[in-house]
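See below for the structure under consideration.
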Amino acid sequence: MDGLELCTKVRAMGREPKPYLIFVTAKARTQDIVTGLGAGADDYIVKPFEREELRARCRSGSGCSRCRPPSPSGSVSSKRR
């Protein structure tokens with residue numbers, strides 16, 4: 001099973017909250033990126049990459065509202081710290 005097939009299967013499971021999926025690959029052609037995102041990936045990063053960039057993308061993705069479980073009222077809550 002390759003990453004595209006795995007991504008498609010994970011998305012078909014319909015789990016909530018949806019996992020944030022990032023393709024990390026050496027495939028850098030525009031068509032590869034379009035295909036990966038079309039399969040359901042949330043982000044796409046091409047090797048070689050800087051660790052700090054990957055960390056930033058993971059932080060960004062983990063903070064997105066669709067990645068958090070819905071609040072009991074059905075709306076997305078925003079906590080302030």
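Assorted remarks:
- Modelled label positions at Ser60 and Arg11, each set 7 Å beyond Cα in the direction of Cβ, lie 1.9 nm from each other.
- The range 9-58: trypsin sites (Lys or Arg not before Pro) falling in loop per DSSP and having at most 11 other Cβ within 10 Å: Arg15, Arg29
- Remark on the range 3-56: hydrodynamic radius 11.7 angstrom, per the Kirkwood mean of 1/r across alpha carbon pairs.
Rule-based calculations on the coordinates, nothing more; no lab input. Note that this is a predicted model, so its numbers are computed, not measured. Positions of Cβ are generated from backbone atoms using ideal geometry, with glycine treated the same way; all protein chains shown enter the neighbour counts.
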